[in-house]
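Report on the following structure.
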Amino acid sequence: MENFDMSLVDWSRAQFALTAIYHWIFVPLTLGLSFIVAFMHYKYYKTKSIKWKNTTKFWMKLFGINFAIGVATGIILEFEFGTNWSNYSWIVGDIFGAPLAIEGILAFFLESTFIAVMFFGWERVSKKFHMLSSWFVAIGSNLSALWILVANAWMQNPVGTQFNPDTARNEMVEFWEILFSPTAIYKFLHTITNGYVVASLFVIGISAWFILKGRHTDFAKRSMRIAATFGLFASLALAYTGDGSAYNTAKDQPMKLAAMEGLYEGGSEQGLITVGMLTPGKKYNDDKDDYVFALKIPHFLSYLSTRDFDGYVPGINNIIDGDEEHGLIPVEERMMKGKIAINALKEYKTAGNKEDKAKALKTFRENYSHFGYGFLPDKESAIPNVPLTFYSFHLMVGLGFYFILFFAIILYFTVKQTIYRRRFWLKLAVWTIPLGYIASELGWIVAEVGRQPWTIQDLLPTMASTSHLSTATVQITFWLFAALFTVLLIAELKIMFHQIKLGPKEEGVNHV
């Protein structure tokens, strides 16, 4: 595993990022729209109003189109763990396999069973069972997301496991610690609330388009009120869970937090940047300022990271060079300890007697927490892409606060029943749909780029995780997947636009 083909690593990362980005275009809408449809279905069940039936059917149809494409891209993503990341899959298969298996069971049994009832159960099953099937689909789709997010959270904060030197695999020793780690809880809640925000923006934007066109205005105002209410609560929850995620990042992945803030020289009483620009070409330990300009909220980064306005927050230089006062071990020392752990594992595997085996195992255990550092070529390779992480994080946060304000204003206009006269806000609602998707993708860029160079934090670097493939093979499949996903996206957009232009079917009521 020591001779790494960095070209293969880069192309494998690019292929996984491509698949994940395309997959995540479809997932958040599925997570959020499933609950919005369930709310509408409940309104139909309670009121028996044909208006609510038509409203539910319209959004259910868009949900179904999006769900089908999302499943196709998700299956490819899971196969890539085996084809492109076999070293990683071997080492963590006992951890990663269980959540993925549960996800598969929930996705294909709970969701698939009730989604058929939801779409084809009109007038064929009881109204109550039909309505409940919509809720089961919503709950099932969100629960299936839970397990893949638990697996991802474990990679960011590997708890509840033990490395078996005999098999060279991580093994689960405490399932509940993995499931209920703060990293997993906040990752799940932050991700699904993000999906609720994306779906709410989607429903509001499409509804606004109908009002601007003067079509199906009653239907549009009804849909918009539900989406604005759902979106406002979801966006507030998104901000709360984002704060919790950042706090855990500060504890478990301080380098990622430093990159998110572009912070090279840390210290106490650190301010949080609201708007700023990094100094171009800024590197570790050079003499350049961190920022060209930066507007900060005094002490707020310290509070966000430590729950203490005067708390200490390490910067990139502090983490690389170490800080004995605050318990930071220099990266070069961790690299040395990591090499000791790697060599001890080799000696353990080849030892000829019990005494040598026990001695090697003791050395390995003592240095295991630094294991991954032994693969790094130099200390600066422990630094992620700072500009990409910094700008993605701040643009995402800025959009998040915009969404809270946007939902509050739209909800106010819908309650006052003046939204149909607010053409500026209606046009803005249409243009805000893509902003939800952009913010959602930026969140994953922060999470995944910010944790580099690690596949598993501190234990397995990305460069040691790939399969033994030729770079050309990965390049060919990268472009094939790029073409396939683009075709799927165009197909989805074409079908979506067609269905939206048709509008809701008018069964027994005139919506115009």
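If the condition is being open to solvent by 80 Å² or more (accessible area, probe 1.4 Å) and among the β-branched types (Val, Ile, Thr), then the stretch 327-355 contributes only 350.
Out of 455, 432, 477, 466, one residue alone is in contact (Cβ under 8 Å) with a residue 24 or more places away in the chain, assigned to a strand (DSSP E or B) and either open to solvent by 40 Å² or more (accessible area, probe 1.4 Å) or on the phi < 0 side of the Ramachandran plot (or both). It is 455. Look at the stretch 369-386: where a residue is under 21 Å from residue 92 (Cβ atoms) and a partner is crowded, with 21+ Cβ neighbours inside 10 Å and of a type in the set (D, E, K, R), sitting 6+ places away or on another chain with Cβ atoms under 8 Å, you get 370/334; 373/334; 384/256; 384/451. Of everything in the stretch 225-251 that is of a type in the set (A, V, I, L, M), at pLDDT 95 or above and open to solvent by less than 20 Å² (accessible area, probe 1.4 Å), the residue that is nearest to residue 152 (Cα to Cα) is 234. Filtering 364, 413, 371 for residues that are closer than 30 Å to residue 205 by Cβ and either modelled with pLDDT of 95 or more or part of a helix (DSSP H, G or I) (or both) leaves a single hit, 413.
Is it the case that the stretch 461-468 has a residue that's modelled with pLDDT of 90 or more and within 24 Å of the chain's Cα centre (by Cα)? Give the derivation first.
We begin by selecting, within the stretch 461-468, every residue modelled with pLDDT of 90 or more; these are 461-462.
With within 24 Å of the chain's Cα centre (by Cα) added as a condition, the list becomes 461-462.
Scanning the stretch 461-468 turns up at least one residue that is modelled with pLDDT of 90 or more and within 24 Å of the chain's Cα centre (by Cα).
Selection of first residues in the stretch 152-170 that are farther than 15 Å from residue 455 by Cβ and of second residues that are open to solvent by 30 Å² or more (accessible area, probe 1.4 Å) and β-branched (Val, Ile, Thr), restricted to Cβ pairs under 9 Å at least 6 apart or on distinct chains, gives the following pairs, ordered by first then second residue: 160/173; 162/173. Candidates in the stretch 87-127 are the residues that are outside any helix (DSSP H, G or I) and of a type outside the set (Val, Ile, Thr); of these, the one that is surrounded by the fewest Cβ atoms within 10 Å (Cβ to Cβ) is 123. Scanning the stretch 268-285 for residues that are in contact (Cβ under 8 Å) with a residue 24 or more places away in the chain, of a type outside the set (Asp, Glu) and surrounded by 15 or more Cβ atoms within 10 Å (Cβ to Cβ) returns 270, 271, 272, 273, 276, 278, 282, 284.
Cβ-Cβ distance below 7 Å, separation of 6 or more or different chains: which pairs start in the stretch 220-238 with a residue that is charged (D, E, K, R) and end on one that is open to solvent by less than 40 Å² (accessible area, probe 1.4 Å) and in a helix (DSSP H, G or I)? Matching pairs, first to second residue: 221/414; 221/419; 222/55; 225/414.
The residues of the stretch 6-22 that are within 23 Å of residue 111 (Cα to Cα) and buried (at least 21 other Cβ atoms within 10 Å of the Cβ), listed by number, are 19, 22. Inspect the stretch 28-37 for any residue being among the small types (Gly, Ala, Ser) and in a helix (DSSP H, G or I) and give the result as yes or no. The answer is yes, given that some residue of the stretch 28-37 is among the small types (Gly, Ala, Ser) and in a helix (DSSP H, G or I).
So, residue 68, is that one open to solvent by 40 Å² or more (accessible area, probe 1.4 Å), out of contact with any His (no Cβ under 9 Å at 6 or more places or on another chain), at pLDDT below 85 and not acidic (Asp, Glu) or not?
Details: open to solvent by 40 Å² or more (accessible area, probe 1.4 Å): yes; out of contact with any His (no Cβ under 9 Å at 6 or more places or on another chain): yes; at pLDDT below 85: yes; not acidic (Asp, Glu): yes.
Yes, satisfied.
Each residue in the stretch 196-221 was checked for being in a helix (DSSP H, G or I), modelled with pLDDT under 95, touching a helix residue (DSSP H, G or I) at 6+ places or on another chain (Cβ under 6 Å) and not hydrophobic (A, V, I, L, M, F, W, C), and 1 pass.
The set of residues in the stretch 155-182 being outside any strand (DSSP E or B), among the hydroxyl-bearing types (Ser, Thr, Tyr) and under 17 Å from residue 88 (Cα atoms) consists of 167 alone.
In the set 402, 348, which member is within 30 Å of residue 241 (Cα to Cα) and out of contact with any strand residue (DSSP E or B) (no Cβ under 7 Å at 6 or more places or on another chain)? Talk me through it step by step, then tell me what you get.
Details: 348 fails: within 30 Å of residue 241 (Cα to Cα).
Testing whether each residue is within 30 Å of residue 241 (Cα to Cα) and out of contact with any strand residue (DSSP E or B) (no Cβ under 7 Å at 6 or more places or on another chain) leaves just 402.
With respect to the conditions (1) open to solvent by 50 Å² or more (accessible area, probe 1.4 Å); (2) among the charged types (D, E, K, R); (3) touching a Gly at 6+ places or on another chain (Cβ under 8 Å), residue 422 falls short on a single one, namely (3). Check whether at least one residue in the stretch 484-496 is touching a residue at least 24 places away in the same chain (Cβ under 8 Å) and closer than 15 Å to residue 210 by Cα, and report yes or no. Yes.
The values are calculated or read from the model by the stated rules, or taken from the named source; none is laboratory data. Just so we're clear, the structure is a prediction, and the values are computed from it rather than from any experiment. Backbone-built Cβ (ideal geometry, glycine too); neighbour counts: all protein chains shown. Remember, those area values only see protein heavy atoms, side chains included, never the ligands or the DNA or RNA. Shrake-Rupley method; radii C 1.70, N 1.55, O 1.52, S 1.80 Å.
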